[in-house]
1. Would it be correct to say that Glu169 is more than 13 Å from the chain's Cα centre (by Cα), more than 24 Å from Arg26 (Cβ to Cβ), at pLDDT below 95 and open to solvent by 20 Å² or more (accessible area, probe 1.4 Å)?
2. Hey, among Ser210, Ser192, Ser203, Ser149, which residue is surrounded by fewer than 19 Cβ atoms within 10 Å (Cβ to Cβ), within 11 Å of the ligand (Cβ to nearest atom) and not aliphatic (A, V, I, L, M)?
3. Looking at the stretch 63-99, which of its residues are open to solvent by less than 50 Å² (accessible area, probe 1.4 Å), free of Cβ contacts under 8 Å to residues at least 40 places away in the same chain and touching a Lys or Arg at 6+ places or on another chain (Cβ under 8 Å)?
4. Going by what's in this entry, would Ser280 be described as closer than 18 Å to Gly57 by Cβ, open to solvent by less than 30 Å² (accessible area, probe 1.4 Å) and away from the ligand (no atom under 16 Å from the Cβ)?
5. Among the residues in the stretch 120-140, are any in contact with a Lys or Arg (Cβ under 6 Å, 6 or more places away or on another chain), on the phi > 0 side of the Ramachandran plot and in a loop (DSSP other than H, G, I, E, B)?
6. Output yes when any residue across the stretch 215-232 is open to solvent by less than 40 Å² (accessible area, probe 1.4 Å), aromatic (Phe, Trp, Tyr) and more than 16 Å from the ligand (Cβ to nearest atom), and no when none is.
7. For the stretch 233-244, how many residues meet the condition of being out of contact with any Asp or Glu (no Cβ under 9 Å at 6 or more places or on another chain) and open to solvent by 10 Å² or more (accessible area, probe 1.4 Å)?
8. Name the residues in the stretch 305-340 that are out of contact with any Pro (no Cβ under 6 Å at 6 or more places or on another chain), within 22 Å of Tyr409 (Cβ to Cβ) and not hydroxyl-bearing (Ser, Thr, Tyr), would you?
Amino acid sequence: MNKEQLNILQEKQKEFFRSGFTKDYRHRIAVLKLLKNIIIENESKIFKALYEDLHKGQIESYTSEIAYVINEINYTIKHLKCWMKSKRVRTSLMNQPAKSYIYSEPLGTVLIISPWNYPFALLFTPLIGAIAAGNCVILKPSEVSKNTSNLIAQLIYDNFDEQYISAIEGGAEVTQNLISEKIDYIFFTGNSEVGKEIMKSASKYLIPVSLELGGKNPCIIDTDIDFEVTAKRIVWGKFFNAGQTCISPDYLLVHHSIKDKFVQALIKTINEFHGEDINSDSDISHIINEKHFDRLNSLLNDGEVIYGGKNKKKSLFISPTLMRNIKSNSKILTDEIFGPILPIFTYVNLESEIEKINKLHKPLSLYLFTNDKVKQDMIIQQTSSGQVCINGTIHTMVSNTLSFGGVGYSGIGKYKGKASFETFSHRKSVLKKSFVFDAKISYPPYKTSLETIKKAFKFLY
Ligand code: NAD
């Protein structure tokens, strides 16, 4: 679609939104149920597309893309009535007699832009929030995961009027063309550098944004741990989807006194999970494309590979890899890894690691493994990140009540569950006054002395 065609589509959505149809509670629920049915009926097509794009196995596809979205739909359906209710809040004495409320109203037409790593879930999860809040939606799936993008476009086209929900395929240029004065909100998931471009374009029209970005997630391993469980939780969280997860542990900081024992525990776990002869046929995701394969492959030269490092360009496969003795000034130290490579560093003192982490960009996620409650509190209270998980990694995703989103360089805004509904709504303040009484003190000519006003204002709010 060219810019002119996109403009016509956006105009149609504006008009449809003005009709008020999307605001009706029963309509929102019906559409969420329809969305759920579309997913269930097309499960095998979704599996196929994810396999073609990422070589993603059915278990990881089901848990992280299909069940994840269905669970979000179920949770939203269950709570939507309550979220939509206007909330009565306290009214100041000055305004009495009156009633004060917060009303949630939809924003209008929202644009949802998604990345390729969970190409289905990261488009459909915010879509649920946008529908629940009563908006019209334009979806822009990632062109990099082209099979999933094609499938999503087809499913949306087959099931929804374009004036209500539409999926537009394409890359950067199409996305930029979609950013116009007719868009009321942009929900972007992707790279921090691209996030800056989105925010810049949105600023021309003062469009508010959510930016769900990436970065480097530290994972600290103290001495007071269960070695076997810690290794399992880290290996699972890191190599799920071949490390192409925004919240996967980017690097390990292992207490120096346990480093050898812990590395052995990691190796044992990888062998248990994936077999000693892991190869490109294994049930493990592959790298999305050659560009990312080459980028990751070059990171293998940034230090000593102590386990793994097997790769096969033809099938875009890199095996789970552990590295240490990382060279100074190397890219693996500064860039988000976003692949199955896990560099291991050691530390002596937690306080100084906290200081170092606090000098870097605020991470999307921070992990600490320890039984020591004082150290747990230190990490929670003395660092800033989108989320913290103690004694776990990507486990935070399995939650309806923990909202998701970064802080600072790792993002702006929160979503999932109620947070999604709030993101895609405007919370409008409403004051309903009565004619019964009208306080004269407010009006000129002001006859009350300043001293009296000062005293009165202590009670009037
Ligand atoms: P990306 O930023 O390259 O692309 C994301 C989307 O933006 C795509 O739909 C793409 O077409 C579009 N796009 C790319 N360049 C653009 C431009 N100049 N102008 C307008 N639109 C543009 O991200 P990616 O490579 O698809 O995904 C990987 C990144 O996303 C990683 O950094 C990862 O950490 C991050 N991510 C974050 C989250 C989160 O929830 N915080 C989740 C998944 C991925």
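1. Working: more than 13 Å from the chain's Cα centre (by Cα): yes; more than 24 Å from Arg26 (Cβ to Cβ): yes; at pLDDT below 95: no; open to solvent by 20 Å² or more (accessible area, probe 1.4 Å): yes.
When the stated conditions are applied, Glu169 does not pass them.
2. Ser192
3. Ile70
4. Working: closer than 18 Å to Gly57 by Cβ: yes; open to solvent by less than 30 Å² (accessible area, probe 1.4 Å): yes; away from the ligand (no atom under 16 Å from the Cβ): yes.
The answer is yes for Ser280.
5. yes
6. Yes - at least one qualifying residue is present in the stretch 215-232.
7. Of the residues in that region, 2 qualify.
8. Selection gives Asn329, Lys331, Leu333, Asp335, Glu336, Ile337, Phe338, Gly339.
The values are calculated or read from the model by the stated rules, or taken from the named source; none is laboratory data. Just so you know, these numbers come straight off a predicted model, no measurement behind them. Neighbour counts are summed over all protein chains in view; Cβ atoms, including those assigned to glycine, are modelled from backbone coordinates with ideal geometry. Accessible surface areas use protein heavy atoms only, side chains included; no ligands, DNA or RNA. Shrake-Rupley method; radii C 1.70, N 1.55, O 1.52, S 1.80 Å.
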